[in-house]
1. What tally of residues in region 149-193 results from selecting those that are over 22 Å from Ser123 (Cα atoms), modelled with pLDDT of 95 or more and acidic (Asp, Glu)?
2. Would you pick out the residues in region 167-194 that are touching a Leu at 6+ places or on another chain (Cβ under 9 Å) and within 15 Å of the ligand (Cβ to nearest atom)?
3. Can you find a residue in region 125-137 that is within 16 Å of the ligand (Cβ to nearest atom), among the basic types (Lys, Arg) and either buried (at least 18 other Cβ atoms within 10 Å of the Cβ) or over 23 Å from the mean Cα position of the chain (by Cα) (or both)?
4. Are there strands (runs of 3 or more DSSP E) fully within region 55-112 with at least 1 residues that are outside the structural domain of Val191 (by TED's automatic domain parsing) and within 16 Å of the ligand (Cβ to nearest atom)? List them.
5. Those residues that are more than 16 Å from the ligand (Cβ to nearest atom), crowded, with 20+ Cβ neighbours inside 10 Å, under 17 Å from Arg96 (Cα atoms) and of a type outside the set (Phe, Trp, Tyr), I need them from region 26-54; list them, please.
6. Six or more apart or on different chains, Cβ atoms under 6 Å: show the pairs whose first residue is in region 180-204 and closer than 17 Å to Ser46 by Cα and whose second is outside any loop (DSSP other than H, G, I, E, B) and of a type in the set (Phe, Trp, Tyr).
7. Where residues in region 195-209 are among the small types (Gly, Ala, Ser) and near the ligand (Cβ under 10 Å from one of its atoms), which of them is surrounded by the most Cβ atoms within 10 Å (Cβ to Cβ)?
Amino acid sequence: MATPRSSPLYHDDPKLFSFRGVVVAHETHAGRPSVRLDRTAFYPESGGQMADRGRLDEAAVVDVQVDDEGRIHHVLEGPLPAIGAEVQGTIDKPRRLVHMAQHTGQHMLSRALADVARAETVSSRLGESACTIDLDVAALDERAAAEAEALVNAVIDDDAPIRAFFPSEDELRALPLRRQPKVHDNVRVVVIGDFDVSPCGGTHCTNTAQVGFVRIDGLERYKGKMRVTFSAGVRARTKLSREADVVRALARDLTCGPEDVPAGIEKLRRELDEARQALGRVRGRVAAAIADALVKDARERGERVVIGVLDDASLDLVRAVAGRITAEGDLVALLAGEAEGGTIVLAARGSSSDFDCGAFLKRAATAAGGRGGGRPERAEGRLPAGIDWKTIAAATLATPGR
Ligand SMILES: [Zn+2]
């Protein structure tokens, strides 16, 4: 049973960023030196809200934690102020304001999702980079999420008062709590206008306008339930403004207005498609010219195996040349092309040939220190860069396979 103690200063005034307190103990928390004060406005990590940072006199407060007895430990960097000394506590205000906006935004969004989509909050996390709410529903559509977001921002615009207090047991029973409290004694309640009533020990804004802005950043399925990622306050505005910067930069590149970026990208996509088709036609003509020359040479020498090396050839071009050669029916194409970081090789046979491409390529790849294989009709592989394909292919053909 925890010993009763006076309520921490942040409960009475979440906007108290500066206070004086007396050091009552030197301790360690998780192996780090810490002090306890007779009174504090520093919020310890709890209830899904992150710990405050700041200073005690000149010492940096690098963490604030609460132990099982409810005692608040200020983890300090540098020498600890003496026991009995009165110190000036200064809270990192921007950091706390973000936490207050996120925490208040979470209450409001949980309420809105329950009202709009009958989606009750199971748990929530307010992290350094992302805030999430897990809902007890298997699905939540984008439209319902957008409706909940709009409702929250309307309540923000209403500038509704927010009150946190410790009700009597009778008062508590009469309150329309959104969820049941996690503690039995000294239940603290946060009332947001006439919008939401929840038990909570965290720090919150004192009116809804201070939340500034709440935005749902994403929806995802998580362990059969829905997880909503959101941002609030300055965090949400910063995110939105960074995204707007990206859109503006895109607009400059496309020499259009931000609103015309989708049309600009669509136009680029069309042009890319047309360029690809034109490239395909040219590649077809190049492949035909190379293949015809290789076939002519092989026919003149009375050979049915065409060995060729294509300089600067993509796999697409090698395949196209092989396709043209094997259209002859009785011919076998054994081709190589230099690709990034290696040599691509391909063996393919015409419909009336009984050459085993897979077996050939496997033996050739083994001999050249690469890998490859495939079916009797067709096989592909990758060999080290700079190999002499004509010699390897000829030597492999000359060696009887097993
Ligand atoms: Zn709260």
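The values are calculated or read from the model by the stated rules, or taken from the named source; none is laboratory data. What you see is a predicted model, and the numbers here were worked out from it, not measured in a lab. Because the Cβ atoms are built from the backbone with ideal geometry, glycine has one as well, and the counts that use them run over all protein chains shown.
1. Residues flagged as over 22 Å from Ser123 (Cα atoms), modelled with pLDDT of 95 or more and acidic (Asp, Glu) within region 149-193 amount to 3.
2. Within region 167-194, Pro181, Val187, Val189, Val191 qualify.
3. no
4. Values: elements: 59-66, 72-77, 86-91.
Strands (runs of 3 or more DSSP E) meeting the threshold: 59-66.
5. Matches in region 26-54: Thr40, Ala41, Gly54.
6. Thr203/Tyr10
7. My answer is Gly202.
Quick grid of which residues meet (1) polar (S, T, N, Q); (2) not in a strand (DSSP E or B):
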| residue | (1), (2) |
| --- | --- |
| Val190 | no, no |
| Leu219 | no, no |
| Val228 | no, no |
| Arg237 | no, yes |
| Val246 | no, yes |
| Pro262 | no, yes |
| Glu266 | no, yes |
| Gln277 | yes, yes |
| Gly280 | no, yes |
